[in-house]
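Visitor: What follows is a single structure, and I will ask about it in a moment.
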Protein chains: 2
Amino acid sequence: MDGRSDHSNYRADNKVNSTQNLQSGDRQPRRYSSEESRRLLIEATLDSIVEVGFSSTSVSEIVTRANLSRGMVHLYFDNKDALLVAAARHSAEVYYGTLSEQLETAGSSPQEILETIILGDLGEELLNERTIKIWFAFRGEAHANGAIAQYSDTRDDYLRDLIFKAFAEIAAAQKMSEPEKVARDATHGTLALLEGMWTDYLLHHDSFSRASAARIIFRFLSALFPRHFNLDGASAAKNQPCTSS
Amino acid sequence: MDGRSDHSNYRADNKVNSTQNLQSGDRQPRRYSSEESRRLLIEATLDSIVEVGFSSTSVSEIVTRANLSRGMVHLYFDNKDALLVAAARHSAEVYYGTLSEQLETAGSSPQEILETIILGDLGEELLNERTIKIWFAFRGEAHANGAIAQYSDTRDDYLRDLIFKAFAEIAAAQKMSEPEKVARDATHGTLALLEGMWTDYLLHHDSFSRASAARIIFRFLSALFPRHFNLDGASAAKNQPCTSS
DNA sequence: GCATAAAATGAATGCATGTCCATAAATTTG
DNA sequence: CAAATTTATGGACATGCATTCATTTTATGC
């Protein structure tokens, strides 16, 4: 009838009928799961941001990468912007999820908590070529899109509080004057150092070294809290008891 | 003849004839200086990035803000991309120009140099709502545009070297073991702290305090070099002679 | 004050974009 | 197995985009 009857051709050429078994590896099989399509679109969005940049990430780019049709974006998201926000949100969730996992298997001393956060934040899983591009792409657009801004901060109140409590305990044990002020500054400074290392990774990717970044942070911390840190991290926690009691 | 004869209408309504004296303040007068038009386009580009974001910065946005016609962009720049690169370059030049000025009027002791850089980098002139949006917008696009990447780093080799030499002198005066290594780490750490404070300003603009940011950096530095820094900066340089001789 | 060059204009072009929607296939339900 | 529902498609549309260029205005040289 109309020129659209080649839908079925396309389907026959490129897709198979069942979710379970796919044959022609050319394209992905039909999915028939809205959750999976949503995830595919989000992943394709992030892929596009990584490979061609935020401003070249169009709906066409996204659906091509996801091997889906144009309409899908507006079937699962209100509009392109909502998809971008969902992608930002997804990235933030992955970041916190991964860090939380790592914290669960870590020790509970303040030094070990801090070491886990620092090494985790600088580790391959959270800081790599893909994630750094995504984070900075979103941050670059954050001020023009409030919803994205909400998810473009990796250092939220929960994490900040965790770090502060750890430093507060250490500062108290070290019997410093104004331990709370010291802990507050140490928290702010450590987060700034981590952010700075991320920026360094973005801008000087070739010369960046995770080991150096960690050593530098621990050097600053061991200068502030000599009895609790050394250049290799929170080794004081392992070698000697450090709580004041 | 053709519909274009209303050029003169537009001119008569909105412009005046002389470069020297403008009368109707409605629009800018004709300029007749290519340099000035270039600058206007660059400034308009930066304005647009600040106000509507990088991905909404179109040629139309730019020429409207500059009160120039569409064709001007391609008269003075090869294309839109070249204009964006020129804008990034301009921003970098302003950053270094301002910092260099401040360094010229500063003292020459290593502490004073470091204090000048730190306070300058965190000062209103270099770090404000406009500049932070511009820097992060460019950084967000940097990985998709090599030419922009070139100008999106505020911490280049010259500045890094200046900081390193200052720390090396301090470390030597303090007779530390491995003074060069310490100086290298202090340089990297200080730059990371500054970058982190910029990120903090971007993401938590409301709660950001320049004084706190500076105090935190000096707290870290005074822990590393207790004889040369205190919480207010490099006051050791003013109160007591600090060179080892 | 005329000729020439420089500066500036904005309509026109073609292409890419985000969104919509009529259609169709796959799956589930009754 | 038919009806209803869910999942998926891609052509069509209006809009906006970067870019081009014939034309006009202003400035400069002679």
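Visitor: Please indicate, with yes or no, whether at least one residue in region A:101-114 is part of a helix (DSSP H, G or I), within 14 Å of chain B (Cβ to nearest Cβ) and either open to solvent by 30 Å² or more (accessible area, probe 1.4 Å) or at pLDDT 95 or above (or both). Working first, answer last.
Guide: First, the residues of region A:101-114 that are part of a helix (DSSP H, G or I): A:101-104, A:110-114.
Subsequent filtering for residues that are within 14 Å of chain B (Cβ to nearest Cβ) retains none.
No, because not a single residue in region A:101-114 is part of a helix (DSSP H, G or I), within 14 Å of chain B (Cβ to nearest Cβ) and either open to solvent by 30 Å² or more (accessible area, probe 1.4 Å) or at pLDDT 95 or above (or both).
Visitor: Would you pick out the residues in region B:78-100 that are over 17 Å from B:SER48 (Cα atoms) and not in a loop (DSSP other than H, G, I, E, B)?
Guide: Within region B:78-100, B:ALA92, B:GLU93, B:VAL94, B:TYR95, B:TYR96, B:GLY97, B:THR98, B:LEU99, B:SER100 meet the criteria.
Visitor: Kindly provide the set of residues from region B:192-211 that are more than 7 Å from every other protein chain (Cβ to nearest Cβ), in a helix (DSSP H, G or I) and open to solvent by 10 Å² or more (accessible area, probe 1.4 Å), ordered by number.
Guide: Correct list: B:TYR201, B:ARG210, B:ALA211.
Visitor: Out of (1) within 17 Å of the chain's Cα centre (by Cα); (2) surrounded by 15 or more Cβ atoms within 10 Å (Cβ to Cβ), the odd one out for A:GLU93 is which?
Guide: Here A:GLU93 clears every test but (2).
Visitor: Can you tell me which residue among B:THR57, B:THR64 is within 11 Å of DNA strand D (Cβ to nearest atom), within 14 Å of chain A (Cβ to nearest Cβ) and either of a type outside the set (Phe, Trp, Tyr) or without any contact (Cβ under 8 Å) to a residue 40 or more places away in the chain (or both)?
Guide: Values: B:THR64 fails: within 14 Å of chain A (Cβ to nearest Cβ).
From the options B:THR57, B:THR64, the qualifying one is B:THR57.
Visitor: Of the conditions (1) surrounded by 14 or more Cβ atoms within 10 Å (Cβ to Cβ); (2) part of a helix (DSSP H, G or I), A:LEU75 satisfies every one except a single condition; which number is it?
Guide: Status for A:LEU75: all satisfied but (1).
Visitor: Mind checking which residues of region B:16-55 are over 30 Å from A:ILE49 (Cα atoms), at pLDDT 80 or above and open to solvent by 80 Å² or more (accessible area, probe 1.4 Å)?
Guide: Here is the first cut: in region B:16-55, the residues over 30 Å from A:ILE49 (Cα atoms) are B:16-40.
Filter again for at pLDDT 80 or above, leaving B:34-40.
Once the filter is applied, which keeps residues that are over 30 Å from A:ILE49 (Cα atoms), at pLDDT 80 or above and open to solvent by 80 Å² or more (accessible area, probe 1.4 Å), region B:16-55 yields B:GLU35, B:GLU36, B:ARG39.
Visitor: So, one more: Return yes or no: is B:HIS143 within 20 Å of the chain's Cα centre (by Cα), at the interface with another protein chain (Cβ under 7 Å from one of its Cβ atoms) and not aromatic (Phe, Trp, Tyr)?
Guide: Values: within 20 Å of the chain's Cα centre (by Cα): yes; at the interface with another protein chain (Cβ under 7 Å from one of its Cβ atoms): yes; not aromatic (Phe, Trp, Tyr): yes.
So B:HIS143 passes the test.
The values are calculated or read from the model by the stated rules, or taken from the named source; none is laboratory data. No experiment lies behind these values; they were computed from the predicted model shown. Glycine also receives a Cβ, built like all others from the backbone with ideal geometry; neighbour counts cover every protein chain displayed. When the accessible area is computed, the model is the full protein with side chains, heavy atoms only, and any ligands, DNA or RNA have been set aside. Shrake-Rupley method; radii C 1.70, N 1.55, O 1.52, S 1.80 Å.
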